[in-house]
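Shown next, in structure tokens, is the structure this report addresses.
The values are calculated or read from the model by the stated rules, or taken from the named source; none is laboratory data. As the structure is a computational prediction, the values presented were derived from the model and not from experiment. Cβ placement follows ideal geometry from the backbone for every residue including glycine, while neighbour counts extend to all protein chains displayed.
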Amino acid sequence: MIRAALIMLMSLVLAACSPDYNWRQVAVGDGAVMAFFPEKPVTQSRTLQFSGHDIEFALTSAKVGDVLFTVAHAPLPAAVRNDEALAQEFARAVMQSLYRNMGATESDPLPALGESFAINGKTPQGDMRLRATVWLSQGALVEGLVMATPDEFPEPQAEQFFQGLEVAR
């Protein structure tokens, strides 16, 4: 019995350390977030409009096979940062967009900020599973996202990714 449990434990450890996952710590958003990515990430950014404000949204992503690991960082303009209700509204809008992009009905109520949630939906590539967490930190919105097909979703690696996210408060 002990031997079987030890073999299972070692199998899980080895799976988390598979050659496909080459974990590395990366600073995102000028150090606003520290994240462990399973591969060398790349960053892309775009400007979003929200309530009359331009918000620079940077996505730092790494892909392993067909699994995407992403940290999004959006520094809030002073007018949004200094208006708690507006910042909360922006965070809700970002969460709602995740549901919309997955073709899924949003949960009611939406998950609390900092709470992990999953969405099963469809994208142009087919059925997808998204696991996400959205935070409001001092002056920024931060998202952690893992997305893959439902049958390929790497739950242990997703958990490792989310545990490795450190958001500056």
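Which condition number does Phe153 fail, the rest of (1) of a type outside the set (A, V, I, L, M); (2) free of Cβ contacts under 8 Å to residues at least 40 places away in the same chain; (3) more than 27 Å from Asp30 (Cβ to Cβ) being met?
Every condition holds for Phe153 apart from (2).
Can you find a residue that is closer than 19 Å to Phe162 by Cβ and not in a strand (DSSP E or B) anywhere in the stretch 69-78?
no
Does the stretch 89-111 contain any residue that is among the hydroxyl-bearing types (Ser, Thr, Tyr), closer than 22 Å to Val28 by Cβ and either touching a His at 6+ places or on another chain (Cβ under 6 Å) or assigned to a helix (DSSP H, G or I) (or both)? Please lay out each step first, then the result.
Applying the first criterion (among the hydroxyl-bearing types (Ser, Thr, Tyr)) to the stretch 89-111 yields 97, 99, 105, 107.
Those still in the list that are closer than 22 Å to Val28 by Cβ too: 97.
Checking the rest, the ones that are also either touching a His at 6+ places or on another chain (Cβ under 6 Å) or assigned to a helix (DSSP H, G or I) (or both) come to 97.
For the stretch 89-111, residues among the hydroxyl-bearing types (Ser, Thr, Tyr), closer than 22 Å to Val28 by Cβ and either touching a His at 6+ places or on another chain (Cβ under 6 Å) or assigned to a helix (DSSP H, G or I) (or both): present.
With respect to Phe69, determine if the residue is buried (at least 17 other Cβ atoms within 10 Å of the Cβ) and touching a residue at least 40 places away in the same chain (Cβ under 8 Å). Can you show your working first?
Values: buried (at least 17 other Cβ atoms within 10 Å of the Cβ): yes; touching a residue at least 40 places away in the same chain (Cβ under 8 Å): yes.
The answer is yes for Phe69.
Considering only residues that are more than 22 Å from Phe153 (Cβ to Cβ), of a type in the set (A, V, I, L, M, F, W, C) and assigned to a loop (DSSP other than H, G, I, E, B), look in the stretch 1-47 and name the one that is modelled with the lowest pLDDT.
So, considering only residues that are more than 22 Å from Phe153 (Cβ to Cβ), of a type in the set (A, V, I, L, M, F, W, C) and assigned to a loop (DSSP other than H, G, I, E, B), the one modelled with the lowest pLDDT is Met1.
What are the residues in the stretch 48-74 that are among the hydroxyl-bearing types (Ser, Thr, Tyr) and at pLDDT below 95, if any? Walk me through it before giving the result.
Going residue by residue through the stretch 48-74, those that are among the hydroxyl-bearing types (Ser, Thr, Tyr) are 51, 60-61, 70.
Across the stretch 48-74, the qualifying residue is only Ser51.
Which of the numbered conditions does Asn82 fail, given that it passes all the others? Conditions: (1) within 28 Å of Ala27 (Cβ to Cβ); (2) more than 16 Å from the chain's Cα centre (by Cα); (3) surrounded by 13 or more Cβ atoms within 10 Å (Cβ to Cβ); (4) not acidic (Asp, Glu).
Every listed condition holds for Asn82 apart from (3).
Exactly one condition in (1) within 17 Å of the chain's Cα centre (by Cα); (2) surrounded by fewer than 17 Cβ atoms within 10 Å (Cβ to Cβ) is not met by Asp151; state its number.
(1)
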